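Below you'll find the structure, written out as structure tokens, and then a few comments.
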Amino acid sequence: MQQQAETLLKLMLGREAEFHAGQWEAIEFAVYQHGRTLVVQRTGWGKSIVYFLATKLLRDMGAGVTLLVSPLLALMRNQIEMAQRIGIRATAINSDNQEDWDAIEAQLQAGECDVLLISPERLANPHFLTKTLPAINRGGGIGLLVIDEAHCISDWGHDFRPDYRRIVGIVENLPKNVPVIATTATANNRVVQDVQSQLGTIKVLRGPLTRASLRLQAISLSDQAERLGWLAQNLSLLPGAGIIYCLTVADCRRVAEFLHAQGHDVLEYHSKLEREAREVAEQKLLQNRVKAVVATVALGMGYDKPDLGFVVHYQRPGSLVSYYQQIGRAGRAVQNAFAILLNGREDDEIQEYFINTAFPGEEQLQQVLAVLEASDDGLGLYAIMAQLNLSMGKIEKCLKLLEIEGAVAKDKSVYFRTANAWTPDTAKSRQVTARRYQELELIQQFVSHPGCLMEFVARELDDPFAAACGKCANCATPFFSNVVSKELVQAAIKFLHKDYQTIEPRKQWPNGGLKNGKKGKILVESQNQVGRSLSIYNDAGWGRTVREGKYLATRFDDELVQAVIELVKQQWQPQPAPTWVTAVPSLRRVELVPDFARRVAHGLGLPFVLVLVKVLDTPLQKTMENSNQQAANIANAFQVRALCPSGPVLLIDDMVDSRWTLTLCGALLREAGSGPVWPFALAVTTNAADS
């Protein structure tokens, strides 16, 4: 039996390939004992080899198809190619190949598919439940269930995904002789116990999590300009090709642009990119045709590049478990690889935002249930947003959890309250949130830890083999200096000062319209032009100067005036060029924005005309949590009270988030006879920058 498996292994990986310790044990337990296994092994150990070889052996014995549930199917291309070498026929059902679903289901029914890959979200899809699963059953049923990245099942896992809870129902309904293989590289004892409690009797196979080739170092550089400079100074000194991880999409773009300007061959990678662009970046990194890919966690689980030479963190992750998972991408087939953790002033602020938005609160869940209970015909997402002052993301998380727990049902895009009783588990959500803050404290301690860095991480993961590595910057000597060239820091500051943001015009009024009668498409002649913002609020560049002017001073600094004049004249150069300037008015700090706009107009040699007035004292826009609420909040708040010049106009505000204030004010100006409206804001919020 083992000899047959070893022959298949060599076909997959080459004649020299041998099983790693524990691989055959996992295969044998699944195939010949029909057991259920949780495999906890480091990244690159070969977990995919276990379930693909088990699939081949089971299929040769007449078993049904393997159902593989994975959170990032797009990054499993390399593993699927390996599986094809031993004759495994693997396919996926996802939103990108909908036109192929009928053909795939026919293959499943005919027993012509060996592995079906799906995301956990697919388990809630009506088509999957009514068409795909029956096709699997007619083709012989599920012969093996694989749960990739199984830590996602656990509330305590660093990457909890609610849809993973649906897998528990599948496991409970499987015949007892159908094996289950769950795999993860990032599970401490708490997560392992939680997964065991949900999946039932399951054997845990655990190996050492540390990798001897990795050399860890933590470097504190609080200012973003210093970190950009450090990357530009040291990137070429790092071996091979690697990944630079950022916490936000905006930072991926910013880091990639700066490094490219400094002559480094890098690409950005995040969920906002088109699929084709992501695939190009993956392949170029795989083939060492770029020095680095600057990525969010979208490039992580499932990406297989054994010779990855380094992982650099531009910001500190939220937990040691996340950090370990990401550095685990490097050093799998090279003797020495580097994991460099840079950290700075905004890291905690970003992580606290992630923690506080991770789980809906009891009050938010009850609010969503209440509006659904009050509706006889159910409600769509945007209709719920119109009634609740909750962000779209929070409402979606509420609906997801309530649907999984049976309190809410969904028919296409409409949600209904079911007859099932429901009680929130508030104690658990509080415990999980408290644990997230403990994890944040641990990685804060890691940055300044004087002892072995790898041992520190391994102990947090409850690795029974944890020991001093002898290779990290603390065990040996620092590999890279924390001193950055003044010239590179100055270049980064200059770059950040010119890191302008685009303000795209809105083209549609909110779903359901506004109380001022505006609904449907915004007329082309009433739309704003593509605008600009000087910065991201409270960020590097001008963001902190904007914050100081808005909340700590009586007016915005003259430096900001000069920066705007330079932007308009040299970089932006809107055409047709503005012939006058106006401002978005406020009833709270009446002169703050008009005073700034007046100085900008003077610098541009244009007249300033305050045409708009605010007639309603509305709540602050930042207290409105979704786009519908923000639009409704100011629907009747502004009026034109002065003669409106007919030429193109520069419309100035201090902050932009949802763009509704600029959209409504711009439409009023156009209706009053102005020319094209060019919106400008000193800063966009972080949410707007990442949207």
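Using DSSP to call loops (not H, G, I, E or B), can you name the trypsin sites (Lys or Arg not before Pro) in the stretch 514-595 whose Cβ has at most 16 other Cβ atoms within 10 angstrom?
Answer by residue number: LYS515, LYS519, ARG555, ARG588, ARG589.
Quote the relative contact order of the stretch 484-618 in percent (integer), defining contacts as alpha-carbon pairs under 8 Å separated by 6+ residues.
Working: 157 pairs, mean separation 23.0, N = 135.
Reported as a whole number, the value is 17 percent.
³J(HN,Hα) across the stretch 205-212 via Karplus (A = 6.51, B = -1.76, C = 1.60, θ = phi - 60°), whole Hz, x for Gly/Pro?
Here the 3J(HN,Hα) series is 10, 10, x, x, 9, 7, 10, 5 Hz.
Go ahead and estimate [θ] at 222 nm for the chain from helices alone: -39,500 (n - 2.57) per DSSP H run with n ≥ 4, summed, over the residue count, rounded to 500.
-11000 deg cm²/dmol
Probe radius 1.4 Å, ligands and nucleic acids left out: which of VAL414, VAL312 has the largest accessible area, and how do the rest follow? Provide the component values of the computation, followed by the final result.
Values: VAL414 45, VAL312 0 Å².
If we order VAL414, VAL312 from most to least accessible, we get VAL414, VAL312.
Taking amide H atoms as placed 1.01 Å from N in the peptide plane, list the residues 5 or more away in sequence, or in a different chain, whose amide H sits under 5 Å from that of VAL312.
Correct list: ILE243, ILE244, TYR245, ILE340.
So I have [x] 40.0, 132; [y] 27.8, 89; [z] 41.7, 162, and one of them is Rg and Dmax of the Cα atoms in Å calculated from this model. Which one is it?
Answer label, from the structure shown: [y].
Roughly how much of ASP595 is accessible, in Å² to the nearest 10, using a 1.4 Å probe?
30 Å²
So for the stretch 207-357, what percent of the C-alpha to C-alpha distances run longer than 28 Å?
Summing the P(r) tail past 28 Å for the stretch 207-357 gives 13 percent.
Calculated FRET efficiency, GLU81 and GLU25, Cβ-Cβ r, R0 25 Å, to nearest 0.05?
After rounding, the FRET efficiency stands at 0.45.
Loop-only GluC sites (Glu not before Pro) in the stretch 90-122, please: DSSP not H, G, I, E or B, and at most 14 other Cβ atoms within 10 Å. Show your work: numbers first, answer last.
Numbers: sites: GLU99, GLU105, GLU112, GLU121; in loops: GLU112.
Answer by residue number: GLU112.
Whole angstrom only: what separates the Cα centroid of the stretch 598-624 from the Cα centroid of the stretch 153-226?
Centre-to-centre (Cα) distance: 52 Å.
Gain in length, LYS428 to ASP617, computed as 0.36 nm per residue apart minus the alpha-carbon separation, to one decimal in nm?
Taking 0.36 nm per residue and subtracting the Cα distance, the gain is 64.0 nm.
On average, how much accessible surface per residue is there in the stretch 219-366, in Å², for a 1.4 Å probe, leaving out ligands, DNA and RNA?
Values: 5080 Å² over 148 residues.
Roughly 34 Å² per residue, with all protein chains present.
In degrees between 0 and 90, to the nearest 10, how far off the longest principal axis of the chain does helix 224-234 point, with axes built from Cα atoms?
The angle comes out at about 50 degrees.
Can you compute 3J(HN,Hα) from phi for each residue in the stretch 536-544, using the Karplus curve 6.51 cos²θ - 1.76 cosθ + 1.60 with θ = phi - 60°, rounded to whole Hz and x for Gly and Pro?
Residue by residue, the stretch 536-544 yields 9, 3, 6, 9, 4, x, 8, x, 6 Hz.
Could you tell me what a quarter of the Cα convex hull surface of the stretch 217-299 works out to, in nm² with one decimal place?
5.4 nm²
Can you give the Rg to Rh ratio for the stretch 359-449, taking only C-alpha atoms and Rh from Kirkwood?
On the Cα set of the stretch 359-449, Rg over Rh gives 1.13.
Before I look further, what does the stretch 586-691 give for accessible area per residue, probe 1.4 Å, in whole square angstrom?
Per-residue value: 38 Å².
Subtracting the Cα-Cα distance from 0.36 nm times the residue separation, let me have the gained length for ARG345 to ASP100 in nm, one decimal.
Extra length available between ARG345 and ASP100 comes to 83.4 nm.
At q = 0.23 Å⁻¹, what base-10 log of I(q)/I(0) does the Debye formula yield for the stretch 1-52 when every alpha carbon is treated as an equal point scatterer in vacuo?
The Cα Debye sum returns log10 ratios of -0.90.
Within the stretch 223-292, which trypsin sites (Lys or Arg not before Pro) sit in a loop by DSSP and count at most 16 neighbouring Cβ atoms inside 10 Å?
Those satisfying the criteria are LYS272, ARG289.
Distances longer than 17 Å among the Cα atoms of the stretch 342-412: what percent of all pairs is that?
For the stretch 342-412, the share of Cα pairs beyond 17 Å comes to 47 percent.
Note down the accessible area of SER236, probe 1.4 Å, to the nearest 10 Å².
80 Å²
Restricting to the chain, what percent of DSSP beta bridges are antiparallel, rounded to 5?
Values: 12 of 75 bridges.
If I count the DSSP bridges inside the chain, around 15 percent turn out antiparallel.
Solvent-accessible area per residue for the stretch 1-144 at a 1.4 Å probe radius, Å²?
Here the per-residue accessible area is 42 Å².
With just the Cα atoms defining each centre, how far is the stretch 492-550 from the stretch 371-450? Give it in Å.
29 Å
Report in % the part of the accessible area of the chain that belongs to carbon and sulfur, leaving out ligands and nucleic acids; probe 1.4 Å. Could you put the intermediate results ahead of the total?
Values: 14050 of 28870 Å².
Result for the chain: 49 percent of the exposed heavy-atom area is carbon or sulfur.
Once a ≥ b ≥ c are taken as the square roots of the eigenvalues of the Cα gyration tensor of the stretch 599-691, is the result rounded (a/c under 1.5), prolate (a/b larger than b/c) or oblate (a/b not larger than b/c)?
Oblate shape, in that a/c is at least 1.5 and b/c is the bigger or equal ratio.
Quick one: compute the contact order of the chain, relative version, from alpha carbon pairs under 8 angstrom and 6+ residues apart, as a percent.
After rounding, I find 11 percent.
Counting only Cα, what are the radius of gyration and maximum Cα-Cα distance Dmax of the stretch 148-289, in Å?
Looking at the stretch 148-289, its Cα Rg and Dmax stand at 20.2, 59 Å.
Kirkwood hydrodynamic radius, the stretch 573-624, all distinct C-alpha pairs: what's the number in Å? Show your work: numbers first, answer last.
Details: mean 1/r = 0.0805 Å⁻¹.
When all Cα pairs of the stretch 573-624 are included, the Kirkwood radius is 12.4 Å.
Based on the Cα gyration tensor of the stretch 272-330, what are the three equivalent ellipsoid semi-axes, each the root of five times an eigenvalue, rounded to whole Å and given largest first?
The answer is 20, 14, 10 Å, longest axis first.
I need the shape label for the stretch 1-89. Rule: rounded when a/c is under 1.5, else prolate if a/b > b/c, else oblate, with a, b, c from the alpha carbon gyration tensor.
Working: a/c = 1.14, a/b = 1.07, b/c = 1.07.
Verdict is rounded for the stretch 1-89.
If you count only protein heavy atoms and use a 1.4 Å probe, how large is the accessible surface of SER646, to the nearest 10 Å²?
90 Å²
Please tell me the relative contact order of the stretch 286-424 in percent, rounded to the nearest whole number, where contacts are Cα pairs under 8 Å and at least six residues apart.
17 percent
Starting from the Cα-Cα distance between ASN137 and ALA419, subtract it from 0.36 nm times their residue separation and give me the gain in nm to one decimal.
98.5 nm
The values are calculated or read from the model by the stated rules, or taken from the named source; none is laboratory data. This one's a predicted model, so the numbers in the text were calculated from it and none came from an experiment. Cβ sites come from the backbone with ideal geometry, for glycine too, and all protein chains shown count toward neighbours. The accessibility values were calculated without ligands, DNA or RNA, using every heavy atom of the protein model including side chains. Shrake-Rupley method; radii C 1.70, N 1.55, O 1.52, S 1.80 Å.
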